[in-house]
Amino acid sequence: MLSESVKSSFNRDGDFHWNDFIPQDTALALRELVIDLADYERKVGSSYIYPFDPSGKTQRVWNLTNKSEVFRSLLELDQLNEMMCFIFDRPTKHQLFHLSSFQANIIHPGGPRQALHIDTPFPEPLPPWPAKANSIWLLDDFTETNGATEFIRGSHTRSKKPNQSDDQELPVDLAIGRKGSVLFTHGNLWHRAGANNSGATRVGLLCSFAASYMKEIASEEDQSLIISDSVKKKLSERCLAILGVGHGIKDGALITDHEISY
C-alpha cells in the first residue's frame, strides 16, 4: 500500500521515485529486448528518430504492448495499478485510467538534451488536476552524464507550460537512480531527457497513462487500433481495461445485426 507520506509528497512535488520497482535482472532483460527491437527497426527502415535530434542518436520504439508479452506483463503489476489508481482517483465505479502510450526511449552517446515540456496537451491555463501521468522505467543506471531525466519539482502546480527562457535558465533536478527503478510524474510536471555525454547508450521505458474520461489524450497511440486481435485474445481483463478495449460499448449494442426502424 502507498503510504500517506508518498501520496502527500507526490501531490506536493509532482513526482515519486520508486526504487527497485522491478528486479535488476528483469531490467537488464528488458533492455536487451529493447535494443534488439531498435536494431531491427533500423535495419528494416522503420525506426523512429526524434525530430529534435539531427544527429539521429535519440531513438524511440513505439507500441511495446504489441511487440512482446514481456512488456504487457508490466501493465499487470499491482504496484503500477496502485500508483495510477491513486493519481487518477475520483468517485466512480469505472476504470480510472487508460494507457496512452508505451514506448522505449534510447539515447546513444552524444544524444542532445530535450527542451523542457509537459505531457498534458492542454492549452493554457493548465488544469490543476492530473489528466495524464507518466512512468519512466530505468533500464540502465541513470547518472549525471548519461541522459537522466531532468525535471523541476513542484512545477506541476503551474498553470502555464515552459517556454524557451525557462528551458535555458531554470535549475533542474536529476532523476538519478539505479536500473529497475521507476520515476512517476504528474502529466503537468516540467521535464526533459538530459544529454548523453557518457560513452554508453542509455535506455528507459516511457509508460504513459491518461484519465479514462480523456479519451483523446489517452490516444497518443490508439490502443484499440494498434493492438492486434491475436494479442487481444491473450490479454487479461485488467490489461484489456487499461488498454480501453471496448470502453464505452454497452453489451446491448452488440446483440443486433441489423438496423431497427421506428
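Derivation of every value follows stated rules applied to the coordinates shown; laboratory data play no part. Since the model is a prediction, treat every value here as computed from it, not as a measurement. Don't worry about glycine lacking a Cβ; one is built from the backbone with ideal geometry, like all the others, and counts go over all protein chains shown.
One table, with the values for the structure above:
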{"item": "DSSP loop trypsin sites (Lys or Arg not before Pro) with at most 10 other Cβ within 10 Å: longest gap in the chain", "result": "94-232"}
{"item": "Hypothetical label at GLU169: residues of region 92-136 whose amide nitrogen lies under 16 Å (7 Å Cα-Cβ projection)", "result": "116"}
{"item": "Estimated inter-spin distance, ARG178 and GLU144, nm [label 7 Å along Cα→Cβ]", "result": "2.0"}
{"item": "Net charge dipole size for the chain [Lys, Arg +1 and Asp, Glu -1 on Cβ; Debye, nearest 20]", "result": "120"}
{"item": "Charge dipole of the chain about the Cα centre (unit charges at C-beta), most positive-ward option of PRO123, LEU139, ILE242", "result": "PRO123"}
{"item": "Overall form of region 34-105 per C-alpha gyration tensor (a/c, 1.5; a/b vs b/c)", "result": "prolate"}
{"item": "Computed over the chain: relative contact order in percent, which uses C-alpha pairs under 8 Å that are six or more apart", "result": "27"}
{"item": "Angle between the chain longest axis and helix 24-44 axis [Cα atoms, degrees, rounded to 10]", "result": "80"}
{"item": "Partner lysines for LYS132 [C-alpha distance under 20 Å; skip if fewer than 8 residues away on the same chain]", "result": "LYS7, LYS93, LYS160, LYS161, LYS215"}
{"item": "Region 42-161 - Kirkwood radius from inverse mean 1/r over Cα pairs (Å)", "result": "17.0"}
{"item": "Residues whose placed amide H lies under 5 Å from that of ASP141, excluding near-sequence neighbours", "result": "LYS179"}
{"item": "Derived scalar couplings ³J(HN,Hα) [region 148-158; Karplus, 6.51 cos²θ - 1.76 cosθ + 1.60; whole Hz; x for Gly, Pro]", "result": "4, 4, 10, 8, 10, 4, x, 6, 5, 8, 7"}
{"item": "Distance in nm between pseudo-label sites at VAL6 and LEU28 (7 Å out along the Cβ direction from Cα)", "result": "2.6"}
